[in-house]
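Scroll down for the structure; my scribbles are underneath it.
Any read-out appearing in this document is the output of simple, stated calculations on the displayed coordinates, not a laboratory observation. All of these numbers come straight from a predicted model, not from anything done at the bench. With ideal geometry, Cβ positions are generated from the backbone for all residues, glycine too; neighbour counts draw on all protein chains shown.
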Amino acid sequence: MPTSVKAFFDQRVPDVLRKSPEKAKEVAAIYLFKISGPDGGTWTADLAGAPPTCIAGTGATPQCTIEATDDDFRAMIDGGMQAAMQLFFSGKLKIAGDPNLATKLSKLLQMGASGAN
């Protein structure tokens, strides 16, 4: 079954950050996710905070903003960085802010994926 984008941001990532806050230190940045579509929304992942958080809506000032449709982001959650690169190069994944932080996105995807276990 495909991963729900809302479940990824509302449950999986926050659960991992609560149980293993040290994982956020590997990224240590603030991301804003703007996901369109029926399974979308806006979330702020503050992986630099103490404790790190992932909340619905706009929180702290983002260092990197990621925009995609819910279908495309779901493909990225389930397909990892390979899918993210394909979406980026096809123009379906938009990144604003620090492009170096976009490369660390794989760690956030892995966090969410491990939250499924």
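Of interest is the spacing of the C-alpha centroids, which for the range 3-35 and the range 50-80 amounts to 8 Å.
Rounded to the nearest 500, what is the 222 nm mean residue ellipticity of the chain from helices alone, with -39500 (n - 2.57) per DSSP H run of 4+ residues and division by all residues?
Details: 5 runs with 46 residues, N = 117.
So the helix-based figure for the chain works out to -11000 deg cm²/dmol.
Could you work out the mean projected area of the convex hull around the alpha carbons of the chain, in square nanometres to one decimal? Walk me through the numbers on the way to the answer.
Details: hull surface 25.4 nm².
Seen from a random direction, the Cα hull of the chain projects 6.3 nm² on average.
Just list whichever of Lys25/Lys92; Lys23/Lys92; Lys34/Lys92; Lys23/Lys94; Lys19/Lys92; Lys19/Lys94 have alpha carbons separated by over 22 Å in the model shown. Pairs exceeding the cut-off: Lys25/Lys92; Lys23/Lys92; Lys23/Lys94; Lys19/Lys92; Lys19/Lys94. Among residues other than Gly49 with Cβ under 15 Å from its Cβ, the summed charge is 0 (Lys and Arg +1, Asp and Glu -1). How high is the relative contact order of the range 5-112? Use alpha-carbon pairs under 8 Å, at least six apart in sequence, and give a whole percent. Relative CO of the range 5-112 lands at 28 percent.
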